[in-house]
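Remarks on the structure that follows.
Nothing in this text is a laboratory measurement; each read-out follows from the coordinates by a stated rule. Nothing here was measured: the structure is a model prediction, and the numbers come from that model. A quick note on method: Cβ atoms are made from the backbone with ideal geometry, for glycine too, and the neighbour counts reach across all protein chains shown.
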Amino acid sequence: MHASEVVKCPQCGSDEIRATYTNGHDADRVVRQRRCLACQHRWYTAELAVSLAVVGWERKEPSGKSVPVLRVPVDLAVGSDAV
């Protein structure tokens with residue numbers, strides 16, 4: 001996730017979020033537990049490697065900096081559909 005990207009609580013939409021745990025042992029499997037300071041909701045996020053073909057660049061206003069963005073949605077298979 002890019003530093004300028006804001007993580008919002010899926011429960012209440014607040015951007016007052018903290019990562020309470022990160023499994024920093026496996027570079028290819030980064031999972032974080034996050035907690036919303038507004039409503040105390042907890043959830044997990046995962047970082048995954050994607051092909052360069054799905055990454056583009058977008059200029060953010062007002063700073064004018066270019067940041068990486070996904071060109072296509074990335075869906076994760078869960079349960080019996082998992083790879």
**Prompt:** Of all residues in the range 33-67, which are in contact with an Asp or Glu (Cβ under 8 Å, 6 or more places away or on another chain) and closer than 19 Å to LYS8 by Cα?
**Reply:** CYS36, LEU37, ALA38, VAL67
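Quick check: is even one residue across the range 39-61 among the hydroxyl-bearing types (Ser, Thr, Tyr), assigned to a loop (DSSP other than H, G, I, E, B), over 13 Å from the mean Cα position of the chain (by Cα) and surrounded by 12 or more Cβ atoms within 10 Å (Cβ to Cβ)? Please lay out each step first, then the result.
Quick first cut of the range 39-61, residues among the hydroxyl-bearing types (Ser, Thr, Tyr) only: 44-45, 51.
Next, only the ones that are assigned to a loop (DSSP other than H, G, I, E, B) stay: 51.
Those still in the list that are over 13 Å from the mean Cα position of the chain (by Cα) too: 51.
Filter once more, so that each one left must be surrounded by 12 or more Cβ atoms within 10 Å (Cβ to Cβ): none.
Looking through the range 39-61, none of the residues is among the hydroxyl-bearing types (Ser, Thr, Tyr), assigned to a loop (DSSP other than H, G, I, E, B), over 13 Å from the mean Cα position of the chain (by Cα) and surrounded by 12 or more Cβ atoms within 10 Å (Cβ to Cβ).
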